[in-house]
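Worksheet: one structure, shown below.
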Amino acid sequence: MTPSETLNAVFEHIDNNRTSLLDRLIDYVRHPSISAENVGIAEVGALLVEMLTGIGLETSLVPTEGHPMVVARWQKAPGKPTVLLYGHYDVQPPDPIEKWLSPPFEPTIRDGRLFARGAGDNKGQHFAQILAIESHLKVHGALPCNVILLLEGEEEIGSPHIADFVRTNRDILKAHLAVTADGPRHASGAPMIKFGSRGELSFELRCRHASRDLHSGNFGGVVPNPIWTLVHLLSTMKNPHGEITIDGFHDHIEPPSKEDLAAVERLPLDIAALMRDLDLARLDAPEERAFYERLCFRPTLTINGFHGGYGGPGSKTVLPSEAVVKCDIRLVDAQDPQDILRKVAAHVEKHAPDVEFVAQGSMCPSKTPVASSFTAPLRRAFVAAQGEEPLLVPAGFGSLPCYVFTKILGIPAFQTPYANPDEANHAPNENLTLNCFYSGIRTGAALLYELGQL
């Protein structure tokens, strides 16, 4: 067979077996695997071991201090690259159940979409990768390159054990690159390759002054108000111009490369449509900052919730005794979550020493150069499978644990989202279009083929 015939034979197998491939996805997402509640995790881990062993991969369920990792491998292509394919088999809780049009674990097809919890995030996407592997093995009896498959059971609770797992098992995870199929395609519907993920950390600010809520007439202006204390503190952390003003916060931020800047210049953008869709009158300050510069190259400080005092109907002239603010920070490459947490804690101590700072979970950022030698084969894979050049996004906007590949294993890591932009991941009525599912299998197959040509 010529090279093109080799890949076309796999595409033909995928196209001829669409019904059975979809039936198997339906069966897979029917099984709950909710990490936050430890529901179905052991059962789905065992199901994956049986499935992956059955298609010809050497597979094991490796325990961690939390939920187990599924590790599968096929390494019978000497001299060829090894790709580590990462995904997660855990899903978000389905609440609120009443918002679902069909039960979250009774997969339902409507209007060319499969509706189920996990359909897009992430079972449908890593299952497409699995079916791509299986299709090569069924058609040719071998894979074009070496493959390690790592499926995590704790991504939806912040991947608390993956870093230790990767450090301990770096020998069995040795690869040339890592690829994650997760998240939605670009809002325009175009396929894309992401070259990194922003990091994330969360914290709470807690303030308590009096021992109980008080009458605002009798005690207002005498007893300090914890809500005002937190408002004033927050105003020292980010100014009205949108600048984060925590000492040392920007110390390690590196400027984007010329390849990064060129890539974002090519990304489609319809600001007017976005603002209409979200009913926005303006963007966040600073207004002159470019849209993709904000999402790819700048850290953020977000207030997730502010809780204190009376929130019921009408009025209640109360001076509350306590208040809490929940915040997150998105980090760009070279920022270290622990360093930033220390700087936030020092800022709170300096400006509001009577406020308690409570650090919560964190995740490091990751970054792979757009000029990586693996960019070209990944681009060719999308063109071969989908007939369309992918957009190149220098850094993902959300957070994934890809830092374990770039910072611990020291290999480039890429995200190749297969899901539709409106997949509603983490929300009721999560879905995956059937076209995205099938094109994901084709893209995964083309990726293995293109890597095998190196």
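Computed from the coordinates by the stated procedures, all read-outs in this text should not be read as laboratory data. Nothing here was measured: the structure is a model prediction, and the numbers come from that model. Cβ sites come from the backbone with ideal geometry, for glycine too, and all protein chains shown count toward neighbours.
A few comments on the model shown:
- The K407 and I97 beta-carbon pair, evaluated with R₀ = 45 Å, returns a calculated FRET efficiency of approximately 0.70.
- Estimated translational D of the stretch 112-178 in µm²/s (Stokes, Kirkwood radius over Cα pairs; 20 °C; 1.002 mPa s): 150 µm²/s
- For the peptides 365-371, 148-154, 383-389, the ranking by packing is 148-154, 365-371, 383-389, with the highest mean count of neighbouring Cβ atoms within 10 Å listed first.
- Applying Stokes-Einstein at 37 °C and 0.692 mPa s to the Kirkwood radius of the stretch 390-434, computed over alpha-carbon pairs, gives a translational diffusion coefficient of 257 µm² s⁻¹.
- Using a Förster distance of 56 Å, the FRET efficiency for L434-K350 (Cβ separation, nearest 0.05): 0.50
- Dimensionless Rg/Rh of the stretch 324-365 - Kirkwood Rh, Rg from C-alpha atoms: 0.98
- Cα centroid separation - the stretch 359-400 against the stretch 401-450, whole Å: 10 Å
- A straight chain from D277 to T53 at 0.36 nm per residue would run longer than the Cα-Cα distance by 76.1 nm.
- Remark: spin-label model distance S257-F291 equals 2.5 nm, labels positioned 7 Å along the Cα→Cβ axis.
- Remark on the chain: hydrodynamic radius 23.7 angstrom, per the Kirkwood mean of 1/r across alpha carbon pairs.
- From the largest down, the stretch 227-290 spans 44, 35, 15 angstrom on the principal axes of its Cα atoms.
- Value at 222 nm in deg cm²/dmol, rounded to 500, when DSSP H runs of n ≥ 4 in the chain each add -39,500 (n - 2.57): -10000 deg cm²/dmol
- Kirkwood Rh, angstrom, the stretch 303-394 [1 / mean 1/r, Cα pairs]: 18.1 Å
- Looking at the stretch 7-160 alone, DSSP beta bridges between its own residues are antiparallel in about 65 percent of cases.
- For the stretch 72-164, the spread of Cα positions along the three principal axes, ordered from largest to smallest, is 53, 37, 14 Å.
- Between the Cα long axis of helix 41-54 and the first principal axis of the chain there is an angle of about 20°, rounded to the nearest 10.
- Environment charge at D182 (Cβ cut-off 10 Å; Lys +1, Arg +1, Asp -1, Glu -1): -1
- Whole-angstrom gap from the stretch 119-149 to the stretch 165-214, using each part's C-alpha centre: 24 Å
- With Cα atoms as the point set, the stretch 159-237 shows a radius of gyration and Dmax of 24.2, 69 Å.
- Positive-end extreme of charge dipole, the stretch 367-454 - chosen from A385, Y418, L448 (charges on Cβ): L448
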